[in-house]
Amino acid sequence: MNKGMTMGGKGRSTRMPGPGRWMGLLLGAILLASPWWAAVDGAAAGPRGAVATVHPEATRAGIEAMKAGGNAVDATVAAALMLGVVDGHNSGLGGGCFILARLADGRALAIDGRETAPALATRDLYLRDGRVDGRLSQHGVLAAGVPGELAALAHLATNFGRLPLAWSLERAARVAEKGFVPGRAYQGRVRATHEELAWAPADAPEFAEFRRIWAMPSGRGRWRLKQPELAATYRSVASGGVQSFYQGPMARRAVDFTSRHGGLMREEDWSGYRPRLRQPVRTTYRGHEIVGFPPPSSGGVHVGQILGMLERLDLRAMGEDSPEMVHVVVEAMKRAFADRALWLGDPDHVRVPQGLLSKDYLDARAAGIDAGRSTDVRGAGEPPSATVDVFESERWRHTTHFSAVDAEGNWVACTATVNTSFGSKVVVPGTGLVLNNEMDDFAAAPGVPNYFGLVGSEANAVAGGKRPLSSMSPTVVLRDGRPVLVVGAAGGPTIISQAVLAIIRVVDFGHGPREALKGRRFHHQWRPDEVVLERSWGPRMAEALRSRGHAVRWVDSLGATQAVGVGVGGTLEAASDPRVEGLGATW
Ligand code: GLY
């Protein structure tokens with residue numbers, strides 16, 4: 001770790017010693033007297049940047065990008081590419097991402113790098129004898145959509161960054177080549193993924209490369225996972241440009257391999273891939289502006305809906321973590337997820353009503369919340385102007401989150417994914433490229449749950465060229481027109497709940513990002529009708545919820561949130577979820 005870096009992983013904060021200590025204390029005192037952003041506006045005071053990711057190596061890459069003259073955009077790109085190496089079970093060039101940025105000049109960007117269904121995909125793709133075969137959308141070549149992460153990162157770096165994309169590619173390629181020591185989380189995911197593939201013959205060719213590359217020795221030690229093929233892929237993009245990935249040898253290799261094993265992707269699907277630039281979703285919550293990601297993410301809409309319903313209730317008076325508070329938040333989550341199941345899909349293919357966020361609609365939705373009892377939410381509501389006032393498209397118009405901020409005022413949130421661990425488990429031979437299984441985020445048939453137990457409708461049915469609905473929720477929160485929090489999470493549909501809980505803990509309960517991420521979590525996604533509770537809540541909360549009519553399911557820990565924001569004392573904090581082996585750092 002570099003001197004002068006402040007670490008906030010595991011919810012801790014360690015000021016590194018050094019000659020600047022007294023100066024730091026003095027600056028700290030100044031910062032306590034005035035907000036962080038005011039102190040750094042045009043002045044060399046306070047942290048110059050902050051990054052939070054699930055992996056220290058990726059956080060370091062982000063910080064180094066800024067030290068090399070880059071901004072928060074470059075930090076985001078460097079972190080993303082490093083995560084593809086050291087955290088490849090969650091994200092990588094074979095997957096997709098959503099990038100939400102609030103730039104120093106006040107512009108807000110939403111770059112959609114979501115994977116796209118091959119043109120030949122049809123709505124019954126995963127039906128066999130009239131029934132959904134979930135294995136087909138989760139494992140193997142039919143599970144993969146055309147990857148979008150690289151195109152989105154390249155758009156971001158080229159238009160808003162200072163460093164060439166090649167800088168970040170090379171930085172990550174070196175680690176891929178030299179290897180890294182996989183942590184407990186990585187090893188656990190490898191084991192779990194091998195178990196998931198137990199149904200497939202051990203010599204199934206589409207999974208051979210995955211099994212070979214990830215046949216790591218069990219147990220601890222300093223054994224390093226080296227990925228020379230992935231390093232070569234990164235370097236070929238660095239020298240040949242992004243078009244070499246989408247229109248050159250990479251696309252050809254991926255298409256040759258997947259079509260040999262029954263896949264539908266063609267070279268035109270790759271060469272035609274474009275990131276989409278969308279209008280962020282803007283809502284408000286108790287005097288704060290909430291900027292979220294629009295469809296095909298459901299994140300911005302439903303984070304906005306849940307907060308919009310809760311705005312009518314005095315959470316602070318109920319008490320943080322009181323049964324009353326947990327109950328009403330659960331009730332708001334249920335209603336939002338019921339809407340998600342019916343209305344949400346790719347806005348380039350279906351009409352997603354803007355009315356889902358109208359104040360009147362949310363009033364009506366929230367009116368049914370009974371403070372004392374769980375209510376039976378039968379289904380979605382009927383938002384106003386459902387067919388005309390829709391999210392614009394071009395026509396009518398498992399996962400990881402990371403956040404980066406710089407002193408110029410660029411705030412970037414990126415959530416990237418190959419979907420479940422190691423995506424489809426298909427690695428294109430000789431490339432190290434793990435193909436996603438994002439096709440499972442479509443509704444394979446109306447009402448049939450996907451891997452995450454989510455149900456969907458016609459709006460999210462499979463179609464060629466369509467992007468599957470996502471829960472990824474990169475979010476920026478502003479107060480008085482200035483960003484104060486950039487946040488997002490990993491963990492399928494729980495991403496939405498995690499983002500909401502982090503925002504509530506900051507806005508309603510006055511915590512800084514680090515404290516906010518330590519808070520206990522819960523989740524409700526309408527179907528199944530149960531509250532998911534972290535075990536740390538203990539039996540009293542479970543009893544209190546059961547007495548209100550809720551079913552409860554325990555989990556050891558829920559999700560992984562990463563945030564950067566202005567802390568209680570007005571200083572910038574980078575917070576990595578204490579539940580994972582990540583790192584938040586400022587410099
Ligand atoms: N693959 C998880 C999501 O996009 O919601």
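At a glance:
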{"read-out": "Odd one out for PRO201, checked against (1) open to solvent by less than 70 Å² (accessible area, probe 1.4 Å); (2) more than 29 Å from ALA172 (Cα to Cα)", "value": "(1)"}
{"read-out": "Looking only at the stretch 457-483, and only at residues there that are assigned to a loop (DSSP other than H, G, I, E, B) and basic (Lys, Arg), the one that is nearest to the ligand (Cβ to nearest atom)", "value": "ARG467"}
{"read-out": "Members of the stretch 212-230 that are modelled with pLDDT of 95 or more, in a helix (DSSP H, G or I) and more than 15 Å from GLY94 (Cβ to Cβ)", "value": "PRO228"}
{"read-out": "Residue tally, condition small (Gly, Ala, Ser) and either out of contact with any helix residue (DSSP H, G or I) (no Cβ under 9 Å at 6 or more places or on another chain) or open to solvent by 20 Å² or more (accessible area, probe 1.4 Å) (or both), over the stretch 123-145", "value": "2"}
{"read-out": "Residue identified as buried (at least 21 other Cβ atoms within 10 Å of the Cβ) and more than 15 Å from the ligand (Cβ to nearest atom) among LEU454, LEU433", "value": "LEU433"}
{"read-out": "Of all residues making up the stretch 398-425, the number that are among the β-branched types (Val, Ile, Thr), within 11 Å of the ligand (Cβ to nearest atom) and either closer than 27 Å to GLY481 by Cα or not in a loop (DSSP other than H, G, I, E, B) (or both)", "value": "3"}
{"read-out": "Search result, residues across the stretch 303-327 that are of a type in the set (Val, Ile, Thr) and touching a strand residue (DSSP E or B) at 6+ places or on another chain (Cβ under 9 Å)", "value": "VAL303, VAL326"}
{"read-out": "Residue, farthest from ARG114 (Cα to Cα), within the stretch 341-400, restricted to residues that are acidic (Asp, Glu) and open to solvent by less than 40 Å² (accessible area, probe 1.4 Å)", "value": "ASP348"}
{"read-out": "The stretch 395-424 residues that are acidic (Asp, Glu), paired with ones that are more than 11 Å from the ligand (Cβ to nearest atom) (beta carbon under 7 Å, 6 or more apart)", "value": "ASP406/ARG48; ASP406/GLY49; ASP406/MET66; ASP406/ASN71; ASP406/ALA72; GLU408/ASN71; GLU408/ALA104"}
{"read-out": "First in the stretch 457-468 and at positive phi, second anywhere and within 15 Å of the ligand (Cβ to nearest atom), Cβ under 8 Å, 6 or more apart", "value": "GLY465/THR116; GLY465/ALA117"}
{"read-out": "Flag if GLN498 is in contact with a Phe, Trp or Tyr (Cβ under 8 Å, 6 or more places away or on another chain), within 14 Å of the ligand (Cβ to nearest atom), closer than 18 Å to SER557 by Cα and not small (Gly, Ala, Ser)", "value": "no"}
{"read-out": "Hits in the stretch 231-249 - residues which are open to solvent by less than 40 Å² (accessible area, probe 1.4 Å) and either touching a His at 6+ places or on another chain (Cβ under 7 Å) or assigned to a loop (DSSP other than H, G, I, E, B) (or both)", "value": "GLY241, GLY248"}
{"read-out": "Residues being within 16 Å of the ligand (Cβ to nearest atom) and crowded, with 23+ Cβ neighbours inside 10 Å - total across the stretch 102-122", "value": "7"}
{"read-out": "Residue in the stretch 536-553 that is closer than 22 Å to GLY292 by Cα, modelled with pLDDT of 95 or more and open to solvent by 10 Å² or more (accessible area, probe 1.4 Å) present", "value": "no"}
{"read-out": "The stretch 436-451, residues that are more than 12 Å from the ligand (Cβ to nearest atom), open to solvent by 20 Å² or more (accessible area, probe 1.4 Å) and either within 22 Å of the chain's Cα centre (by Cα) or within 15 Å of PRO118 (Cβ to Cβ) (or both)", "value": "PRO449"}
{"read-out": "Spans of strands (runs of 3 or more DSSP E) in the stretch 250-301 with at least 3 residues more than 16 Å from the ligand (Cβ to nearest atom) and surrounded by 15 or more Cβ atoms within 10 Å (Cβ to Cβ)", "value": "281-285, 288-292"}
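Quick grid of which residues meet (1) touching an Asp or Glu at 6+ places or on another chain (Cβ under 6 Å); (2) closer than 21 Å to ILE495 by Cβ:
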{"residue": "ALA544", "(1), (2)": "no, no"}
{"residue": "SER547", "(1), (2)": "no, no"}
{"residue": "ALA551", "(1), (2)": "yes, no"}
{"residue": "GLY559", "(1), (2)": "no, yes"}
{"residue": "VAL568", "(1), (2)": "no, no"}
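The rows are residues; the columns are (1) surrounded by fewer than 16 Cβ atoms within 10 Å (Cβ to Cβ); (2) touching a Lys or Arg at 6+ places or on another chain (Cβ under 8 Å).
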{"residue": "PHE160", "(1), (2)": "no, no"}
{"residue": "LEU165", "(1), (2)": "no, no"}
{"residue": "GLU170", "(1), (2)": "no, yes"}
{"residue": "GLN187", "(1), (2)": "no, no"}
{"residue": "GLU209", "(1), (2)": "no, no"}
{"residue": "MET216", "(1), (2)": "yes, no"}
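The values are calculated or read from the model by the stated rules, or taken from the named source; none is laboratory data. In this text, all values refer to a predicted model and were calculated from it rather than measured experimentally. In this analysis, Cβ positions are derived from the backbone assuming ideal geometry, glycine residues included, and neighbour counts consider all displayed protein chains. Side chains included, ligands, DNA and RNA excluded: accessible areas come from the protein's heavy atoms. Shrake-Rupley method; radii C 1.70, N 1.55, O 1.52, S 1.80 Å.
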